[in-house]
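Engineer: First the structure, which I've put down as structure tokens, then a few questions once you've had a look.
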Amino acid sequence: MKEKSKILKVILYAVLILYAVITLYPFLWALAASFKPLKEIVSGNPGLLPQHFTLDSYKYITGTSSLFTSWFMNSVIVSLIGTIVNLFLNTMAGYALARLNFPGRQRIYYGFLALMMVPAQVLLIPNYLILMNLGMLDSFKSLILPAAINIGNIFMMRQFFLSFPADVEEAAQIDGLGRISTFFRIVMPLARPSIATQAIFVFMGFWNNFMQPMLYISTPKKYTLTLGLQTFTNQQSGVRWDHSMAASIISIIPIIILYIVFNGYFLQGVRMDGEK
Amino acid sequence: MEMQKKSPKPARGLNGKHGQIWQAYIFLAPAFVIAAVFFIAAIVFALFMSFNHVNMISQQFEFSGLKNYIDVFQDDVAMTALKNTAIFSAIVVPMQTIIALLIAYALSTRGIKGKKLFRLVYFLPTLTSSAALTLIFMFIFNVTGPLNNFLISMGLYQHPVNFLQNPAYSLKVIMVMNIWSTVPNYMTVYLASLVDLPESFYEAAEIDGASAWQKLRYITIPYLRPITTYVLLTGIIGTFQMFDQAYIFSNGSGGPDNSTLTIALMVYQYAFGSMNTMGYACALAVVLTIIIFVVSRLTERLNGSEGLR
């Protein structure tokens, strides 16, 4: 019996390690390629480690001849503003749906629920035309405004506020705070764990979004990172694997840092998703 | 979803009934305006366009009845895209579900060390944008890339395989990439649910002499059935809407030879390409929605669960 469970453990570790290798393999090669000269990459050097280690790719993409730095900053701006707007709108809507009594609450709740099921492809074409008529194409507004709410997160906040203790609001009331200031000064700070979970996923959504920037943004200087990355493969002189791998690696780093810092919140978020 | 049954408690003691109603409307107004413009109006607009011939240059709409919808089913390109999408979904969804379940089972086994590190490594693809991932995979699979070098050095091939430009391979490469990048997310969903599986279930089975495989087969999998329904549905919705990877892989063309043309990519091409076919593209998008809905309901039935707990 003991022998058997030992063999089983070896098998389990083998599976886990094998899958870790499969997961890491592309990243390691991309990372290695970002430190190789292009010649070495395309000449088919079969080794993972660079023979001629160089930082040229990183120097090039962060230099003045490349728009990479602008794209990075654009992504930062769009993701940050988009996330902050989302946090307030989703939390306020979730709070209203959970804690406030008003006529039509159930109807609005089910209305949002129904909207969650509409696939992006249906919304894509009309939203493009709506943004065109609002004169917002080719601006960051086109990336932020239609995504200023996230219905999934409105539900997450609603669920959170359903079990939120009522005495907190009562105490604030006794202290003479009005409804609105109670919400912003007492309720929102207490909802921090849920709001942090929301923030991570919303930020990731903005940061990694490709379809909307590709459709709405046409001026290269206004590209976001995901869109800018593609320019390295569409060069006249052939695909610049060296530059594109370095740019890809840099694009991943902010999210990895976010993940490590907020590790606990991440799992909580996935958990809530899973129980939707 | 027991949470929903509880009716929300009214916030007692705040300044009166009307104050509450006003606060609710103020709090919901921004979300409501966004939803009204970019969701509700958009859906109505899309449905309207799908029954019209839309000329974007002259900004004219000409009612054409069901013509766009009939055209979808007589269009060979649409059938190719539908076939590609269906094959893609039929292979990717079962694979991602099975791998995610197995890895989650292995990772949740008692006495396995380094769980946190494994989880961090496994989670990397979920954190990475599809834009960066697709580039990395194109690099791995390109003619002079690491995979070709590996296959040749192993003596499996004499000449490098053009995975990216050969229609026989291109969709398969995207499948591998998609499975690889979606497994971690579903694995985490399974893991979160396995935490709640009472250890006594396994202990009872062990007393009866059950093997690891039997425990997986008769305890873990049945226990996870509701979550599996969730994973399958999300997988189906995700694969039927697959766009980024096919777009970047083919630079928007769906090539080589339409082998990577998905319905979502086709909607994009017909709406924003050189053709003046926005109405047709809307009809395609509506058809895609209906297909996703029908396939999802069928899967839910077949999995024998009443959907999400």
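The values are calculated or read from the model by the stated rules, or taken from the named source; none is laboratory data. These figures come from a predicted structure and were not determined experimentally. Neighbour counts are summed over all protein chains in view; Cβ atoms, including those assigned to glycine, are modelled from backbone coordinates with ideal geometry.
Engineer: For segment B:66-85, what are the residues that are assigned to a helix (DSSP H, G or I) and aliphatic (A, V, I, L, M)? It would help to see each step written out before you state the result.
Structural biologist: Taking segment B:66-85 first, the residues assigned to a helix (DSSP H, G or I) are B:67-74, B:76-85.
Of everything in segment B:66-85, those that are assigned to a helix (DSSP H, G or I) and aliphatic (A, V, I, L, M) turn out to be B:ILE70, B:VAL72, B:VAL77, B:ALA78, B:MET79, B:ALA81, B:LEU82.
Engineer: Shifting gears a bit: Only one residue in A:SER5, A:SER65 is out of contact with any Phe, Trp or Tyr (no Cβ under 9 Å at 6 or more places or on another chain), at negative phi and outside any helix (DSSP H, G or I). Which one?
Structural biologist: After applying the criteria, what remains is A:SER65.
Engineer: Checking A:ILE22 against (1) over 23 Å from A:ILE253 (Cβ atoms); (2) within 11 Å of chain B (Cβ to nearest Cβ); (3) of a type in the set (Val, Ile, Thr): exactly one of these is not met. Which one?
Structural biologist: Unmet condition: (1).
Engineer: Continuing with the same structure: Looking at A:ASN127, A:ASN90, which one is crowded, with 21+ Cβ neighbours inside 10 Å and within 30 Å of B:PHE51 (Cβ to Cβ)? Outline the logic, then answer.
Structural biologist: Values: A:ASN90 fails: within 30 Å of B:PHE51 (Cβ to Cβ).
Going through A:ASN127, A:ASN90 in turn, the sole match is A:ASN127.
Engineer: For B:TYR223, state whether it is of a type in the set (Ser, Thr, Tyr) and either touching a Gly at 6+ places or on another chain (Cβ under 8 Å) or free of Cβ contacts under 8 Å to residues at least 24 places away in the same chain (or both).
Structural biologist: Working: of a type in the set (Ser, Thr, Tyr): yes; either touching a Gly at 6+ places or on another chain (Cβ under 8 Å) or free of Cβ contacts under 8 Å to residues at least 24 places away in the same chain (or both): no.
No.
Engineer: Just checking, which of A:GLY135, A:GLY178, A:GLY205 is at pLDDT below 95 and more than 9 Å from chain B (Cβ to nearest Cβ)?
Structural biologist: So the residue among A:GLY135, A:GLY178, A:GLY205 that is at pLDDT below 95 and more than 9 Å from chain B (Cβ to nearest Cβ) is A:GLY205.
Engineer: Given the options A:LEU38, A:LEU89, A:LEU113, A:LEU49, name the one that is modelled with pLDDT of 95 or more and among the aliphatic types (A, V, I, L, M).
Structural biologist: A:LEU89
Engineer: Looking at segment A:113-142, which of its residues are out of contact with any Leu (no Cβ under 8 Å at 6 or more places or on another chain) and touching a residue at least 40 places away in the same chain (Cβ under 8 Å)?
Structural biologist: Answer for segment A:113-142, where residues must be out of contact with any Leu (no Cβ under 8 Å at 6 or more places or on another chain) and touching a residue at least 40 places away in the same chain (Cβ under 8 Å): A:LEU113, A:ALA120, A:ASP138, A:SER139, A:PHE140.
Engineer: Check whether at least one residue in segment B:186-198 is within 16 Å of the chain's Cα centre (by Cα) and modelled with pLDDT of 90 or more, and report yes or no.
Structural biologist: Yes, segment B:186-198 contains a residue that is within 16 Å of the chain's Cα centre (by Cα) and modelled with pLDDT of 90 or more.
Engineer: Please verify whether B:ALA24 is part of a helix (DSSP H, G or I), without any contact (Cβ under 8 Å) to a residue 24 or more places away in the chain and within 7 Å of chain A (Cβ to nearest Cβ), treating the condition exactly as stated.
Structural biologist: yes
Engineer: Quick one: would you say B:THR144 is surrounded by fewer than 19 Cβ atoms within 10 Å (Cβ to Cβ), under 22 Å from A:SER248 (Cα atoms) and of a type outside the set (D, E, K, R)?
Structural biologist: For B:THR144, the condition - surrounded by fewer than 19 Cβ atoms within 10 Å (Cβ to Cβ), under 22 Å from A:SER248 (Cα atoms) and of a type outside the set (D, E, K, R) - is met.
Engineer: Can you confirm whether B:VAL44 is more than 10 Å from chain A (Cβ to nearest Cβ) and over 20 Å from the mean Cα position of the chain (by Cα)?
Structural biologist: No; evaluated as a whole, the condition is false for this residue.
Engineer: I've got another one for you. Right, A:SER194: closer than 30 Å to B:GLN59 by Cα, of a type in the set (Gly, Ala, Ser) and either touching a Lys or Arg at 6+ places or on another chain (Cβ under 8 Å) or surrounded by 19 or more Cβ atoms within 10 Å (Cβ to Cβ) (or both) or not?
Structural biologist: No; evaluated as a whole, the condition is false for this residue.
Engineer: Out of all the residues in segment B:102-112, is one or more part of a helix (DSSP H, G or I), more than 13 Å from B:PRO184 (Cα to Cα) and modelled with pLDDT under 90?
Structural biologist: Yes - at least one qualifying residue is present in segment B:102-112.
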